[in-house]
Each structure stands twice: as structure tokens, then as C-alpha cells.
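The values are calculated or read from the model by the stated rules, or taken from the named source; none is laboratory data. Quick caveat: nothing in here was measured; it's all calculated off a predicted structure. With ideal geometry, Cβ positions are generated from the backbone for all residues, glycine too; neighbour counts draw on all protein chains shown.
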Amino acid sequence: MDNLTHSLVGAVMGRMGLKRLSPRAMPALIIAANLPDIDSFVARAVGCDALAAHRGFTHGVGGLVTLPFLAAAIILLWEKLRSCKDGRIKLGGLLLACFLGTLSHPLLDFLNTYGTRLAEPLNHRWYYGDTLFIMDPWIWLMLILGLEYSWRAERLGRNWTRPAEWAFGAMLGYIGLNAAISLRAVAVTRPLVERVAAPRMIVAGEVPLEFWKRRMVWRGDDVGGTGTYEPLKGLNHATLDPEITPLRLDDPRLAEAAKRDKHVRAFLFWSRMPLVVEQGGRAFLTDQRFIDPSRRQRGNTFVIPLDNRGSSS
């Protein structure tokens, strides 16, 4: 998810009562909720491919046993520079807040089609929730309202945890609804795909703002395609687009590039639905989830040219 969502979730967790764990627990929750995303910056600094490094160690078991201590260290360093007016920090409570904030991050990221390596470094498997789009204004609205009413209740001397709890509960209900839509979308789309090819994978991709819709992406052994699921037109209303795309994973240019180019190898490690597209006589490696094969892919982050000889390793 985007960092605004992570920050809002950390803040709402604090307003649900976790800020009582220790002075500075509130900023600790927000910092810890965002800290796993340092992996992209660290990867670039040490020369690793950010695409393959992102949502790895810091988003898995490794991050859960290290990042809470880093978040706590940031708070403690801040305390040395500026004394806390709310009393002395409770180290145990601070660490618990940092752990819960850190834990919220991979759980939210798991909900996208992008994927998260939840068990890293114990294993390198990617896990996919296929539930929420990476930026969801509906979640922003729920959490912002929860925070506003919580602050208002506190100023009026009322129960200020309840509005935050309601907002968090509404978010969980919304996530559950979207998970059910995605499961139904896959189930309804499968018989349609079976008329074209034996389905090896069907993914329900989220649609921005229109959370009830799904962009369906499917693939067989050699071909793939897309479709749409629109439950507002009927729980069984799914359609496939007429265009069928060859995957071209047996293209010799892909095997050659994978030996030569570290970026191609990193992309193959990350990619869930890889395919090779050819445009203008050039071959490109991409992923079905994030492209339209019928359009030119120039400037797309998820497109790697297979004739790039400047990234050899």
C-alpha cells in the first residue's frame, strides 16, 4: 500500500489506545508502519535491483525481528535531542508499539497483486492477496474520519478510542468484502478461460476507485489474456477480452538476456506473470498484471528491454 495508508493505519492504531503504551508511542507506530519501505532506498545505495529487493527482508520475518528495534532507536535518539514532556519512555511499551506498527505494513502490502515475501529470509516465496489496489481512497476516507472523530471526542472529554475502533473495523470489513469479490471473480472467470485454454493462473486485479470491479488476468501454458468482472451487473457477470496474447517465454532472446543482464534476472525473480512482447522489432520482458500488450510500453517501469547490453553482470 502507499505510505499515506500505512501512516493512517499507524495513527488509528494509536488512537485505538496503543498510544497509552508509552510516551511517544504514537509517532513510534507511524514510523514503524512505514519503516519496511526503506528496502528500496537501501537497495539502490548498495547497487541491488530495487524491484527484486522491495518487499523482501524488511517485509518478512527478518523485518519483524529487526525493524521494531530500529524504530525504537529512532524515538530514543529523538528523546536525547528533545526531552519528552509526557513523561519517561516505557521501553517495553515502546517496543511493543514498534512491533505492531511494523507488523501492520507487510499485512497491508500482502493485499495487493504486487506481492510480498512474508517469510523472507526463511524462504523467498511471494504471497499475493489480490484484494486491494495499492492506493485506495475509500480506506483513506474511513481512517481520516476515524482520526477526526477521535480527536474531537478527546477534546470533548468523551471516549476517544471508539471512533478509531469503528474506523479500523470498517477497514477490516471493507477488506473482507474485497477479498470475497476477488474470490468470486476468479470462480466466475475460470469457466470462460477453460473454453480458450487450460487455466494455469487467474488473477483478479483491483480497479482504482471502482473497488467492486476486477480486471481479470489469466494465462495458460503458452497464451494469456484479460477480462472484466462487474458484480453490479450480476454476481456471475464476467467477460473475456477477445485478444489472446502469446507468452513467448521460449523466445531465445529471453534466455540470452537472463544470462547477461542482472535486471532481467531480477525481473524474472519478481514477476508473477512474465511474458515477452515484441514492438518495433525489439523484444521486451514484462508482466501481464501491469501492462496492455496492445499498446507501446515506452516509459513503463515494468518493461525491460531484452537487448540492453549496458547492464551485464
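Which count do you get for residues in the range 32-78 that are modelled with pLDDT of 85 or more and acidic (Asp, Glu)?
2
In the range 4-45, what residues are under 20 Å from Thr301 (Cβ atoms) and either part of a loop (DSSP other than H, G, I, E, B) or more than 15 Å from the chain's Cα centre (by Cα) (or both)?
Phe41, Val42, Ala43, Arg44, Ala45
Of all residues in the range 169-187, how many are surrounded by fewer than 18 Cβ atoms within 10 Å (Cβ to Cβ), in contact with a helix residue (DSSP H, G or I) (Cβ under 8 Å, 6 or more places away or on another chain) and closer than 21 Å to Ser7 by Cα?
2
Would you confirm whether any residue within the range 220-237 is touching a residue at least 60 places away in the same chain (Cβ under 8 Å), closer than 18 Å to Ala283 by Cα, surrounded by fewer than 17 Cβ atoms within 10 Å (Cβ to Cβ) and within 24 Å of the chain's Cα centre (by Cα)?
Taking every residue of the range 220-237 in turn, none turns out to be touching a residue at least 60 places away in the same chain (Cβ under 8 Å), closer than 18 Å to Ala283 by Cα, surrounded by fewer than 17 Cβ atoms within 10 Å (Cβ to Cβ) and within 24 Å of the chain's Cα centre (by Cα).
Looking at (1) part of a helix (DSSP H, G or I); (2) hydrophobic (A, V, I, L, M, F, W, C); (3) at pLDDT below 95; (4) under 24 Å from Ala119 (Cα atoms), which one does Met1 not meet, given that it meets all the others?
(1)
Can you find a residue in the range 91-99 that is more than 29 Å from Phe302 (Cα to Cα) and surrounded by fewer than 16 Cβ atoms within 10 Å (Cβ to Cβ)?
yes
Restricting the range 118-130 to residues that are over 10 Å from the mean Cα position of the chain (by Cα) and not aromatic (Phe, Trp, Tyr), which is nearest to Asn178 (Cα to Cα)?
Result: Leu118.
Filter the range 280-299 for residues that are surrounded by 15 or more Cβ atoms within 10 Å (Cβ to Cβ) and of a type in the set (S, T, N, Q); which is modelled with the lowest pLDDT?
Here the answer is Gln297.
Would you be able to tell me the number of residues in the range 240-275 that are under 30 Å from Pro191 (Cβ atoms), touching a strand residue (DSSP E or B) at 6+ places or on another chain (Cβ under 8 Å) and not in a strand (DSSP E or B)?
The qualifying residues number 9.
Only one of (1) modelled with pLDDT of 95 or more; (2) part of a loop (DSSP other than H, G, I, E, B); (3) among the β-branched types (Val, Ile, Thr) is not met by Ile89, so which one is it?
Ile89 satisfies every listed condition except (1).
Any residue at all in the range 122-137 that's surrounded by fewer than 18 Cβ atoms within 10 Å (Cβ to Cβ), outside the structural domain of Ala53 (by TED's automatic domain parsing) and assigned to a helix (DSSP H, G or I)?
yes
Would you confirm, using the coordinates I've provided, whether His105 is in the same structural domain as Leu29 (by TED's automatic domain parsing), closer than 19 Å to Asp2 by Cβ, surrounded by 15 or more Cβ atoms within 10 Å (Cβ to Cβ) and in contact with a strand residue (DSSP E or B) (Cβ under 8 Å, 6 or more places away or on another chain)?
Here the answer is no, as His105 does not meet what is asked.
Can you report the number of residues in the range 220-235 which are outside any strand (DSSP E or B) and in contact with a Pro (Cβ under 9 Å, 6 or more places away or on another chain)?
Residues in the range 220-235 being outside any strand (DSSP E or B) and in contact with a Pro (Cβ under 9 Å, 6 or more places away or on another chain): 2 in total.
Pick from Val193, Val217: which is in contact with a strand residue (DSSP E or B) (Cβ under 8 Å, 6 or more places away or on another chain) and in a helix (DSSP H, G or I)?
Result of the check over Val193, Val217: Val193.
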